[in-house]
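Every number in this text was worked out from the coordinates using simple rules, so none of it is lab data. Fair warning: this is a prediction, and the values are worked out from it, not measured in the lab. Note that each Cβ is placed from the backbone with ideal geometry, even for glycine, and that neighbours are counted across all protein chains shown.
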Amino acid sequence: MPELPDVEGFRRVLAQHAVDRPITRVEVLDPQVLRDTSPRQLTTALPGTDLAKPRRYGKWLMAPVHQPGHRHGKDDPTLVFHFGMTGSLIWNDAAGEPLHPHDRLVFAMEDGELRYRDMRKLQGVRLTGNDHDVEVLLSDLGPDAKDLSLAEFRDRLQGVRRQLKAALTDQSVLAGLGNLLTDEILWRAGLHPRHLTTDLSSSDVARLHEELHDVLRVSIRRGCVPPDDSWLTGWRDQPEAPCPRCGTPLRRMHLGGRATVWCPHCQPAP
Ligand SMILES: [Zn+2]
């Protein structure tokens, strides 16, 4: 499932290939991925326009639209992506590259194509009318998890009395963390997923904050939460997997509907 680091990867795809190059054609292969937007809106509004520098917030990716030779203004539309469980953004250099069965939208440019690919179509793509619409869309989100200060992190956690796993994956508390990042960060910090946010000591919060940034820094560079052997993520999908730190068999449970993996030795129950 795409989380903050994956969406950073998609932001880099856009920034490297699609900025300030006129869109020549838009193909809507599957209108089910469009949100509050008709196929006609995309295919008529976008050709001839350029995308400005993209911006990520939480798991959302925004590509402001502008007319060639002009800057994006607050009354210009923005192309907004959310990748749900299985979405991705792919650049194809060679025009004519065969379509993937899950390619849903194609944004053609002179020297290639940007493709929105998504198997399950749980979220999707929209074209907002102006910048205010983007603000409204993002208004329920908490602060972005990247570059979050320790003081703000502490405030967010103390503002909700919740189990850690539920609090950290709630986008209105913090924007950007999903299942993999949260389990990884809790495992590194040695905190049980059911630990209550309001029962954390000051040093627990500081350790959690430090691990949050360490995990994000590496994951953003890699464009995903790396499934490395020294990471919990490298083992979480294997049955009977040992904790990569202490060798104790990992445990799993469903917490708030999410598959949760932890080490009973490194993360004792509160
Ligand atoms: Zn362990």
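What ranking, highest mean first, results for peptides 20-28, 173-181 when packing means the other Cβ atoms within 10 Å averaged over each residue?
Details: 20-28: 15.9, 173-181: 22.8.
Those peptides, ordered most packed to least, come out 173-181, 20-28.
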Item to check | Fraction of beta bridges assigned by DSSP in the chain that are antiparallel (%, nearest 5) | outcome: 95 percent
Checklist entry - In 10 Å bins starting at 0, how do the alpha-carbon pair distances of the chain split up by percent? => result 7, 28, 31, 20, 12, 3, 0
